[in-house]
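*Asks:* Mind looking over this structure? Questions follow.
Just so it is clear, none of the values below were taken in a lab; they were calculated from the coordinates. What you see is a predicted model, and the numbers here were worked out from it, not measured in a lab. Don't worry about glycine lacking a Cβ; one is built from the backbone with ideal geometry, like all the others, and counts go over all protein chains shown.
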Amino acid sequence: MPEKKLSKSDMKQFWQEAHKKDMKYELTGSSAEGVIKFLNIDQLIKEASDCLVIGVGFGYETKYLTNIGKRVSVLDISPEALDRVKDYTVNRYLPDQLEKIKAESFDLIISHLVTQHMPNKDLEHQINQSIRILKQNGTFAMQFASRYKDNNDGLTSDIPVPRMMAGLVSRSLKYMKSIINKFDGKITWRSTPIFLPHVGHHWYGIHIQKNKPMNKMHPWYDQPRWLLSYSFYILKLYTARFYLKLKSKS
Ligand SMILES: C[S@@+](CC[C@H](N)C(=O)[O-])C[C@H]1O[C@@H](n2cnc3c(N)ncnc32)[C@H](O)[C@@H]1O
């Protein structure tokens with residue numbers, strides 16, 4: 001039977017159903033400790049005040065962060081999921097509300113077992129917006145799946161719905177880097193990939209931060225030493241030329 005074409009409403013309905021019926025397999029319910037370890041965010045959590053959890057699941061990460069005193073917001077495709085954590089969060093967003101979030105709002109954004117359920121177009125939008133709403137030194141810690149030969153790099157509308165539902169959307173590290181760079185972000189850490197033989201995937205954990213190109217972020221006097229040396233060199237050349245011209249005239 002041919003696989004069904006992607007439809008956004010099918011995916012939303014699927015997650016709504018999963019949350020309404022507390023479907024254990026679909027929602028996974030990773031422990032907060034497991035997520036923290038995999039994403040290597042122990043220290044980042046200690047330093048963070050404002051956190052955004054993408055993909056609520058059973059809400060374990062969200063509840064943990066709130067219980068240790070962080071201001072936590074969540075983003076999920078399913079209104080039912082947002083409702084699940086309403087007593088533990090300061091703000092709750094659906095994907096199309098990401099644009100409304102003020103720039104530089106979060107120290108830490110986490111996403112665990114979510115990207116492998118998403119089409120590329122939505123993931124690109126999420127990465128773009130997440131980089132925008134990260135504070136200057138904030139980190140977006142994300143898990144994603146990769147499958148070497150069978151990656152869905154660059155596809156916009158051809159990822160079959162059943163594959164997204166099963167969490168089998170894989171992407172190469174190269175592709176992930178390219179979209180992160182496209183939106184002025186950079187990968188500052190990545191885990192050793194973990195191989196999952198039953199699905200044939202490698203799972204990566206990565207840290208994404210805002211890229212801060214020197215000429216965008218700093219005034220001229222803060223530029224690196226080489227720029228200063230280069231400017232002095234040019235100045236010296238022009239002074240020498242001027243001096244030689246003067247001398248030849250006299
Ligand atoms: C497999 S669960 C993972 C939950 C949890 N983070 C964990 O590791 O156990 C995926 C969660 O992501 C949400 N989700 C799926 N697609 C999403 C999307 N495009 N944007 C935001 N959340 C999404 C689902 O509703 C669900 O809560």
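*Asks:* Looking at LYS86, is it of a type in the set (D, E, K, R), over 16 Å from THR28 (Cα atoms), more than 11 Å from the ligand (Cβ to nearest atom) and out of contact with any Asp or Glu (no Cβ under 8 Å at 6 or more places or on another chain)?
*Replies:* Spelling it out, LYS86 is indeed of a type in the set (D, E, K, R), over 16 Å from THR28 (Cα atoms), more than 11 Å from the ligand (Cβ to nearest atom) and out of contact with any Asp or Glu (no Cβ under 8 Å at 6 or more places or on another chain).
*Asks:* Would you mind telling me which numbered condition in (1) on the phi > 0 side of the Ramachandran plot; (2) touching an Asp or Glu at 6+ places or on another chain (Cβ under 7 Å) THR28 fails?
*Replies:* With respect to (1) on the phi > 0 side of the Ramachandran plot; (2) touching an Asp or Glu at 6+ places or on another chain (Cβ under 7 Å), THR28 is out only on (2).
*Asks:* Let me ask something else about it. Can you tell which of THR188, THR192 is of a type outside the set (Phe, Trp, Tyr) and either surrounded by 14 or more Cβ atoms within 10 Å (Cβ to Cβ) or part of a strand (DSSP E or B) (or both)?
*Replies:* THR188
*Asks:* Filter the range 107-126 for residues that are surrounded by fewer than 22 Cβ atoms within 10 Å (Cβ to Cβ) and under 24 Å from GLU33 (Cα atoms); which is farthest from the ligand (Cβ to nearest atom)?
*Replies:* Top of the filtered list is ASP107.
*Asks:* For the range 133-153, give me the residue count where each residue is under 22 Å from ASN40 (Cα atoms), within 16 Å of the ligand (Cβ to nearest atom) and not aromatic (Phe, Trp, Tyr).
*Replies:* Going through the range 133-153 one residue at a time, the tally reaches 5.
*Asks:* To continue, here is another question. Return the residues of the range 50-66 that are more than 8 Å from the ligand (Cβ to nearest atom) and more than 18 Å from the chain's Cα centre (by Cα); say none if nothing qualifies.
*Replies:* Once the filter is applied, which keeps residues that are more than 8 Å from the ligand (Cβ to nearest atom) and more than 18 Å from the chain's Cα centre (by Cα), the range 50-66 yields GLY59, LYS63, TYR64, LEU65, THR66.
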